[in-house]
Amino acid sequence: MPLPASSKTVIVGGGIIGCSTAYHLAAMGEEVLLVEKAKLTSGSTWHAAGLVGQLRSNANITQLLGYSIGLYDRLEAETGLATGWKMNGGLRLACNAERWTEVKRQATTAHSFGLDMQLLTPQEAQDLWPLMDIGDVVGAAFLPTDGQANPSDIAQALAKGARMQGAMIVEDCPVTGIVVENGRLAGIRTAQGEVACEKLVLCCGQWTRDLAKTIGVTVPLVSVEHQYMITEPFGVPANLPTLRDPDRLTYYKEEVGGLVMGGYEPNPIPWAVGGIPEPFDFRLLESNFDHFEQIVELALPRVPKLQEAGIKQLLNGPESFTPDGNFILGEAPEMRNVFIGAGFNAFGIASGGGAGMALAEWVAKGEPPYDLWPVDIRRFGRPHTDTDWVRTRTLEAYGKHYTMAWPSEEHESGRPCRRSPLYDTLKAAGAVFGEKLGWERPNWFADPGEEARDIYTFARPNWHDPVGREHRAAREAAVLFDQTSFAKFVLKGPDAEAALGWIAANRVDRPVGRVIYTQMLNDRGGIECDLTCVRTAPDQYYIVTGTGFATHDFDWIARNIPAGLNAQLFDVTSANSVLSLFGPKARDILAAVTRDDVTNAGFPFATARQIGIAGCPVLALRITYVGEQGWELHLPTEYARTVYDALQAAGAGHGLRNAGYRAIETLRLEKGYRAWGADIGPDHTPDEAGLGWAVKLRSNIDFRGRAAVQAQRESGVKKMLATFTTAPDVILSGRETIYRNGERCGWLSSGGYGHTLGRSIGMGYVRNPAGVDRDYVLSGSYELEVATERFPAEVTLAPLYDPEMTRIKG
């Protein structure tokens, strides 16, 4: 088939993701061309195992996988092509007490997200899966709507559906380059000629990284060998559910009267470290029986009949994996109109339908159908530009595929990477570090005699008491946080105020020295960013946001500066350290190290100015995320140790303590402060989140999202963020189901413990399709489902701690 000279959208890659994206774009009436270097499915789709599960730890990713199942259910009737899809259900085993707790928590998550996940006894599980020995099984969970599919058949059916809707698919057409003119996408170069396009979608599996890199786009994925065994037929019933046995690192599905059995070994083998050998179409790697033996040894006690079954094949096919085990979707922040759908971590078949739908909407409409932050390409940052670092972290993530998903678990590999100037000082002081976007960040501090490491559990962890110590110091004396990892930007230019005024929901036309807390909204009024701006000059703003949102927020601000306005955005994250001093004694400590006036009258709340400490020019921001008076001190990195030492010396007589990010979490929960990515995000509006006070509707200033916020304020909301408390022995970590008057009405977006209150605290949206207001929320009787048990809970819409804000503003 000859190539057209142009197509509005070009998709590169004819696996399940590319075919699904083409199918959905065509269904939307978009002009689309898909080019595949060999034949459809010839990369990794054709050798995928084909298990289709739904439940993930995020509601929207679970919804996306559920969409896949709905699509696969109807695809055969729509296209006339068999898909091999069968909804035979999925079993998950638990073989020890902590795994059983994890499974029960997963069942509650399923209930929160509206999935029917049933808990079974070992015997009930064996009744569904008679081939297994249940001697070590404690319990099991069953999702009846899970299933399995034939990956190649699904992809071919999606391709046929795409063609039926007008998409053009050209095989045997390798892309040799991406055409960029004046920094903008112009088209692709292929063995058959050039094709001009407005939008480009790279769905090239493990080839995506290198192709994207040619235009400066980072796609952090690497190839890893993945093996599974296919047996000869031995009477396995066709309706046998899929089985996941995480304590034995293995999975199973029925295949033509036999079994497919594979697993995730702790010592995976990377592939194509020096580049993918070409051609590599419909090809496998040599079977590695020695490496697979560890999986066989774990499987045989579970399925004794495997010892007698004939082995048809040990299939070794490389697949692309990512550093956090989630796939990669979205528009590349480095280049407009280039979209990525890749890195599916061996669950591309389960994700394929939904991921293609979401990516198609993103391409056609400029935004995804709902918040997809866990898989958004903008979740990555500077360390992910180095493929060796990515590979190191990805191999750890692969090896943890079936290990316990502990609350607050940290990665160990590729560390330390990015370090504050205070790293060694804080480590010597007992800091136990976590990591985010490569940054080492103190999570908590061990006192002498305490073990300075995380010991993970579903019960109260070993850091619970040390965090309580830091929490109480913040409430009663003072604490010092190293928050150097904050992402920090400068917006500068004669039109800086006009540009930020359009992007920010709150007023930014404030005097120099004013601190502005604001959201940035999409056209639906959803919260895309939640950050702090400081007006540092008539033509300049200093912007501070969370560590993990560095790429995302920079991209959002930069791409929303209106055309024609003279304002430039710069990332200055690495230039400044941040020391945050909070607590009732914070003013006394700061006054001891600076000659500047830090009284309440001289330095009011929500203001900022430069002060001097120990020879250092410090931009001090009087603001708080912990509910106590205090300052964020932003200073050039070379001064960090000097200023830290001065503050510690001045604070010695005031009970000053080092404190970490886990104390920030417990303190902010007591105060009801929202966290982007958990409590607020693109699916939540300011009015729904209780942040309507920070929106400039009373002004005549237009801003992005204004019309949506105005309309919602007139019509009312259908969900409202509330805070819940329950007994101190109930452990909340998020995703617990909220029941109002016995009816499911939502789930917790955040969970933790309030050391001042002595209660467990959660935040979550109370939902009602008919509408929600303050009286509706407060008039209900509430319970929280935790690991399938219900516990009574109290609700509030006000902060639990210092609702009058006297401690902050005094």
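The values are calculated or read from the model by the stated rules, or taken from the named source; none is laboratory data. Fair warning: this is a prediction, and the values are worked out from it, not measured in the lab. No Cβ is skipped: glycine too gets one built from the backbone with ideal geometry, and neighbour counts run over all protein chains shown. Heads up: the accessible areas ignore ligands, DNA and RNA and are worked out on the full protein's heavy atoms, side chains in. Shrake-Rupley method; radii C 1.70, N 1.55, O 1.52, S 1.80 Å.
What to note about this one:
- Accessible surface of the chain [probe 1.4 Å, protein heavy atoms]: carbon and sulfur percent: 49 percent
- Legend: P(r) of the stretch 602-760 from all alpha carbon pair distances, 10 Å bins from 0, whole percents, reading 8, 26, 29, 23, 12, 2, 0.
- Potential extension, Arg460-Asp523 segment - 0.36 nm per residue separation minus Cα distance: 18.5 nm
- Rounded to 0.05, the FRET efficiency of the Thr403 and Ala601 pair, given R0 = 45 Å and the Cβ-Cβ distance, is 0.20.
- Electrostatic dipole magnitude of the chain [Cβ: Lys, Arg +1; Asp, Glu -1; Cα centre; debye, to 20]: 2120 debye
- Kirkwood hydrodynamic radius over Cα pairs of the stretch 85-210, then Stokes diffusion coefficient at 4 °C and 1.567 mPa s, in µm²/s: 68 µm²/s
- Per-pair calculated FRET efficiency, R0 = 60 Å: Thr214 and Ala591 via Cβ, rounded to 0.05: 0.60
- Accessible surface, the stretch 185-251, averaged per residue in Å² (probe 1.4 Å): 31 Å²
- For peptides 504-513, 695-704, sequence by mean Cβ density within 10 Å, most packed first: 504-513, 695-704
- Cα coordinate range in the stretch 493-561, projected on the principal axes (Å, largest first): 28, 25, 18
- Divided by 2.2 N^0.38 Å, where N counts the residues, the Cα radius of gyration of the stretch 270-420 comes to 1.26.
- Inter-site label distance for Leu81 and Lys305 at 7 Å from Cα along Cβ, in nm: 3.3 nm
- Size descriptor for the stretch 378-431, Kirkwood hydrodynamic radius: 13.2 Å (Cα pairs only, one decimal).
- Gained length - Gln192 relative to Gln313, 0.36 nm times residue gap less alpha-carbon distance: 39.8 nm
- Average accessible area per residue (Å²) across the stretch 606-720 - probe 1.4 Å, nucleic acids and ligands excluded: 36 Å²
- Mean Cβ count within 10 Å, highest first, over the residues of peptides 492-500, 755-763: 755-763, 492-500
- Counted over all Cα-Cα pairs of the stretch 398-468, pairs farther apart than 17 Å make up 48 percent.
- Summarising the strand pairing of the chain, around 85 percent of its internal DSSP beta bridges are antiparallel.
- Other residues within the sphere of radius under 13 Å centred on the Cβ of Glu785, judged by their own Cβ, net out at +2 (K and R +1, D and E -1).
- In this simple spin-label approximation, Asp133 and Asp571 carry label points 7 Å from Cα along the Cα→Cβ vector, and these lie 5.3 nm apart.
- Solvent exposure of the stretch 510-560, expressed per residue, is 27 Å² of accessible area, with all protein chains present and a 1.4 angstrom probe.
- The calculated P(r) of the stretch 574-662, using every Cα pair and 5 Å bins from 0, goes 3, 14, 28, 29, 20, 6, 1 in percent.
- Computed lengthening from Glu451 to Ser287, 0.36 nm per intervening residue step minus Cα-Cα distance: 54.7 nm
- Measuring r between the beta carbons of Lys718 and Lys365 and using R0 = 22 Å, the FRET efficiency lands at 0.50.
- Label-to-label distance for Leu797 and Asn239 is 5.0 nm, based on points extended 7 Å past Cα in the beta-carbon direction.
- Crossing angle, helix 464-476 versus the chain [Cα axis fit, 0-90 degrees, rounded to tens]: 30 degrees
- Percent breakdown of C-alpha pair distances by 10 Å bin, ordered from the shortest bin, for the stretch 327-367: 31, 53, 16
- Angle in degrees between helix 97-112 and the longest Cα principal axis of the chain, rounded to the nearest 10: 90 degrees
- Alpha-carbon centroid distance for the pair the stretch 78-131 / the stretch 660-726, whole angstrom: 35 Å
- Residues of the stretch 426-455 with an amide N closer than 14 Å to a point placed 7 Å from the Cα of Asp386 along the Cα-to-Cβ direction: 437-440.
- For the pair the stretch 546-593 / the stretch 326-359, the C-alpha centres are spaced 30 Å from each other.
- Placing +1 on each Lys and Arg Cβ and -1 on each Asp and Glu Cβ, with no other charges, gives the stretch 662-810 a dipole about its Cα centre of roughly 520 debye.
- Diffusion constant of the stretch 248-306 at 20 °C, which comes from Stokes-Einstein with the Kirkwood Cα-pair radius and 1.002 mPa s, µm²/s: 157 µm²/s
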